[in-house]
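Report on one structure; see the data block that follows.
The values are calculated or read from the model by the stated rules, or taken from the named source; none is laboratory data. These figures come from a predicted structure and were not determined experimentally. Cβ coordinates were reconstructed from backbone atoms using ideal geometry, including for glycine residues, and neighbour counts include every protein chain displayed.
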Amino acid sequence: MTGRSRWLTMLAMAGVGLGIYTNRQTLAWLSLTVLIWLFVEWLSFHWRLWFELPRLRIVRSVSGRREATGFLFASRKVVVDVRLTMKGWQTGIAPMLVVRDCLPENLSVVTGHCEHEFLIRSHEVWYRYEARVCGSGNAQLPGFRITLQDAQGFFVAQRFLSVPQTFRVLPAFANVSDTRPLIKRINSLPQHGIHRVQRAGLGSELLELREYVPGDPPKSIAWKVSARRDTLMTRQYESEVPVRVHLFIDGSISSRIGGFGCRLLDQMMFVAGSVARSAISGGDPVGAVLFDERGARRIPPAGGERGFYRLLEAMSDFSVNPPPPQQRLSPGLINATMRLCGERYSELLDPKVNQVPFTFFPLSPWKRSERFRRTQIASVLAEVYRLSPMTLLELVHDDNLMATYSQRLLADAGVSWMDPLVRTRSHGFHDGMATMEMLSKALTQAVGTAKDNEVYVVLANMLECATNISYLLPAVKVALARHHRVIFVSPTPTFRRPARTSDLPEDVTAEELLDRAEDLRTIELASRLQKALRRIGATVALSGEEQAIRMVLSETHMARDGRVSLSGVR
Amino acid sequence: MTTPRPSPVSSKPQRERVADRIPAVDADLWQHVYLILTAMVGLLFVWTLSATDDVSLPLRLIFLAVLVLTLNRWTAAVLLGLIQVQLLFLEPPAVGVIAHIGGFLWIMLTLLLVLVVSRYRTLQDRTHSAGFAAIRHLFGHGLNRSRTEAEHEWFNLLTALKNLLSGVLKIAVCATVAAVVLNAFPVNPVPGERLYTYREFSLIPSGYRLIRLSLTLFAVFLVSWIVINESVWRRLSPRQASVYLRSTFLNWVHRDLRMVILKRMKIRRAKARKVPSMSRQDGFDTTVAVSDLED
């Protein structure tokens, strides 16, 4: 019952009473008509709610797929078709009904609407919208939120119809066509100790000339040399030795904070996916080491389409946010949980079903309503996670426990790591140090198992770790001493390359000043990082753009040729 | 200018072609239709007020103001309240059988006004477009419309009016039922029936009539409420039933369990305070984190 109908009911009752008591016929008649009208609407609304609505069937197909699981690619558009029918009901779907597809944060609507409203009775309705997949990981479409209402807005009810579909979202990648080295070939000579595997093969570089053996292809005969020596000579070419590319991807807390598609991890995944695509297209096997607070996972180098998709799947699973770090209970967290409960478990919040025990305390109405909401949320959480009544009551009184379960509910619903789920300012020094230790360990292990000159691409939030870079330098030195290539790609949170810009204008806002301060901090950290890494011969790219991909691929080319690069920042 | 919303489409090409031919239902256009209707019914209503001599000009202006404000700010309840106040003070008392067509039409007109205003506000809540936008559309759009747009608007106008007709019929039935109910409880009983007087019950006849009517209406409501409630309880989902059982159990043992939990929490906090401060190798003191958790 909405406020409108409550007011009308009160007025009508008062009107009937006064009209009859004072013998005002029209007043009594009018008021009684309103009362009967409301009663009829109430009956008809309940009929629709309890008998018609359960017969509503909704089928959703995402890019033509109706299955419960599937896969999508990040940064691509998907077409979602929704079909609504009434099962075994001849009268059709009654108005007024609003159906909204509850989209996860990882999907954003591009064209059309994910919501559809029924103003007239219909038998079957189809609607379509386009959405863009923001970041890699997964996208879970839980179902539809249905708002049932009468035409006058006297009664309203909300229900959730579960139509779950879960998609694994593979990282986006770009096909980089031109991957030639950026430095001049003439100036680059192999370093001492760098050995090239020189075997006969079908490459383009000339290995040697040898005497013709029956069976050699005629086009490989070197005619001029054969004429000079008076015997048939054959050109022998070098074998193209594949270069193994190892991607070290950092999935620590700092790289996961932010909205889907804006996380540092999404930038890293884009660079990693593009590097892998180009390297595998060139015949080089690509492996990965995925590390975060939970530990490291190694994907052995593999080539071919199967190897590429296996790598993408591993990266996609890695991109799924784990349970978030524990936060304190805040009003924002409670509000977010309540909103989610209202959207997905609205029928469980009905006070008839979800009863709240009566207590004298707290006395203030604001605190009482807060306690009421919290108890209702606790009941929903207890139902979703199958908790006992004892734990339910503990949720009401224990802030830490409530925060843990609220975070879990939000994380399971696919909410990104932003306020209020994860506070962005509470992570800093310790995380960077832990990341460096973990990366150092992973790099040393990779060097220990390496076979030949390999390329190590480190994709990590290096700016955050700049103060603790000394933890990593020994491992990098070992890798370089073994003639491997080490490239650091550190995306920036602002999607901008830190640059020494000109002075600020005279009239600036506080926000611009804060941005400028953040830029200065980033520039300072970036220069410190560049100095430390360039000194030992590693290459650094401070962006998650296409140029970083080109740089990695050109380094791979040079590793194949056994040439040296001018290490430094691109 | 209001752009037509994308029509429902299907993935099958045949369905798409059919859907393209059928103009889509547009909530914005319906809102415009209800705005026009409100204006028309409102003017008619004010005209009925001015038809009687005893209504002063300020009162008519007040009605107009209420009608305009109802479109943007208030709900139909304010309008109804004002009409009731007007009836209470200006309608002459009368006893007898209700059977005049004029009263019936007036009640229909009043409730039609309440209906269109309510529907207009409901659509406004959905579309979030203000009444001024609708007026601008009506006057600004003019005659520069394509044939498709005209067909689209015409379709929406017809469907909205068709939809309104069912509402009007419902009101007409309700008004008739109300008249029948009121006639069933006369102030003066029919010959042969005893008259319950002031002496017997300390009530004036109209008071007695009011109590009888209230009790009857309450009984009707109670019966239907019990029937609906019973069917609702039988249609609870397993999840709802589980939440109900858990919360009911908690209601019964709430006091005892609360005491147990509060005691547990107290002990846990005391234990946390006793944790000795540990200095880590990196020079960071963990006591900071423990005290943070306690808060």
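If you go through region A:340-391 and keep only what is at the interface with chain B (Cβ under 7 Å from one of its Cβ atoms) and farther than 25 Å from A:Gly143 by Cβ, you end up with A:Gln355, A:Pro357, A:Pro389, A:Met390. The set of residues in region A:527-560 that are surrounded by fewer than 22 Cβ atoms within 10 Å (Cβ to Cβ) and under 13 Å from A:Leu463 (Cβ atoms) comprises A:Ser527, A:Arg528, A:Leu529, A:Gln530, A:Ala532, A:Ser543.
As for region B:183-192, it holds at least one residue that is modelled with pLDDT under 80 and part of a helix (DSSP H, G or I). Among the candidates A:Val98, A:Val109, the residue that is among the aliphatic types (A, V, I, L, M), within 11 Å of chain B (Cβ to nearest Cβ) and not in a loop (DSSP other than H, G, I, E, B) is uniquely A:Val98. For A:Thr147, the stated conditions hold: it is surrounded by fewer than 18 Cβ atoms within 10 Å (Cβ to Cβ) and within 14 Å of chain B (Cβ to nearest Cβ).
Taking strands (runs of 3 or more DSSP E) as the structural unit, those lying wholly within region A:239-336 and holding at least 3 residues that are more than 19 Å from the chain's Cα centre (by Cα) and surrounded by fewer than 19 Cβ atoms within 10 Å (Cβ to Cβ) correspond to A:295-302. Confirm whether A:Val508 is among the hydrophobic types (A, V, I, L, M, F, W, C) and modelled with pLDDT under 80. Spelling it out, A:Val508 is indeed among the hydrophobic types (A, V, I, L, M, F, W, C) and modelled with pLDDT under 80.
Checking each residue in region A:49-76 for being over 30 Å from A:Asp317 (Cα atoms) and either surrounded by 19 or more Cβ atoms within 10 Å (Cβ to Cβ) or modelled with pLDDT of 90 or more (or both) picks out only A:Leu56.
If you go through region A:381-403 and keep only what is within 12 Å of A:Val356 (Cβ to Cβ) and in contact with a Leu (Cβ under 8 Å, 6 or more places away or on another chain), you end up with A:Leu392, A:Leu393. Can you tell me which residue within region A:116-129, out of those that are surrounded by fewer than 17 Cβ atoms within 10 Å (Cβ to Cβ) and within 11 Å of chain B (Cβ to nearest Cβ), is farthest from B:Leu112 (Cα to Cα)? Result: A:Glu124. Restricted to region A:68-95, and to residues that are among the charged types (D, E, K, R) and not in a loop (DSSP other than H, G, I, E, B), which residue is nearest to the chain's Cα centre (by Cα)? Across region A:68-95, the extreme among qualifying residues is A:Lys77. Any chance region B:39-48 includes a residue that's within 14 Å of another protein chain (Cβ to nearest Cβ) and either in a loop (DSSP other than H, G, I, E, B) or at pLDDT 75 or above (or both)? Yes, that holds for at least one residue. Restricting attention to region B:234-268, the residues that are part of a helix (DSSP H, G or I) and either under 41 Å from the mean Cα position of the chain (by Cα) or surrounded by 15 or more Cβ atoms within 10 Å (Cβ to Cβ) (or both) total 23. Checking each residue in region A:45-78 for being among the polar types (S, T, N, Q) and facing chain B (nearest Cβ under 9 Å) picks out only A:Ser61. So for region B:277-285 (the condition being modelled with pLDDT under 80, surrounded by 12 or more Cβ atoms within 10 Å (Cβ to Cβ) and of a type in the set (Phe, Trp, Tyr)), does at least one residue qualify? So far as region B:277-285 goes, yes, one or more of its residues are modelled with pLDDT under 80, surrounded by 12 or more Cβ atoms within 10 Å (Cβ to Cβ) and of a type in the set (Phe, Trp, Tyr). Looking at region A:23-31, can you tell me whether even one residue there is among the aromatic types (Phe, Trp, Tyr) and buried (at least 20 other Cβ atoms within 10 Å of the Cβ)? Yes, region A:23-31 contains a residue that is among the aromatic types (Phe, Trp, Tyr) and buried (at least 20 other Cβ atoms within 10 Å of the Cβ). Entry remark, region A:63-105: residues being charged (D, E, K, R) and in contact with a Gly (Cβ under 9 Å, 6 or more places away or on another chain) number 3 in total. Scanning region A:397-425 for residues that are within 14 Å of chain B (Cβ to nearest Cβ), modelled with pLDDT of 85 or more and surrounded by fewer than 21 Cβ atoms within 10 Å (Cβ to Cβ) yields A:His397, A:Asp398, A:Asp399, A:Asn400, A:Leu401, A:Ala403, A:Thr404. For B:Val25, the stated conditions do not hold, so it cannot be described as away from chain A (no Cβ under 14 Å), modelled with pLDDT under 80 and either loosely packed, with under 12 Cβ neighbours inside 10 Å or under 24 Å from B:Ser118 (Cα atoms) (or both). The condition of being under 50 Å from the mean Cα position of the chain (by Cα), more than 29 Å from A:Gly304 (Cβ to Cβ) and polar (S, T, N, Q) does not hold for A:Ser226. Screening A:Gly135 on (1) more than 9 Å from chain B (Cβ to nearest Cβ); (2) surrounded by 20 or more Cβ atoms within 10 Å (Cβ to Cβ); (3) outside any loop (DSSP other than H, G, I, E, B) shows it passes everything except condition (3).
Checking A:Pro95, A:Pro142, A:Pro164, A:Pro171 one by one, the residue that is touching a helix residue (DSSP H, G or I) at 6+ places or on another chain (Cβ under 8 Å), surrounded by fewer than 20 Cβ atoms within 10 Å (Cβ to Cβ) and touching a residue at least 24 places away in the same chain (Cβ under 8 Å) is A:Pro95 and no other. Can you pull out the residues in region A:1-38 that are without any contact (Cβ under 8 Å) to a residue 12 or more places away in the chain and more than 7 Å from chain B (Cβ to nearest Cβ)? A:Gly3, A:Arg6, A:Met10 - these are the residues of region A:1-38 that are without any contact (Cβ under 8 Å) to a residue 12 or more places away in the chain and more than 7 Å from chain B (Cβ to nearest Cβ).
Taking region A:449-477 as the range and being modelled with pLDDT of 85 or more and surrounded by fewer than 16 Cβ atoms within 10 Å (Cβ to Cβ) as the test, the residues that pass are A:Pro474, A:Lys477.
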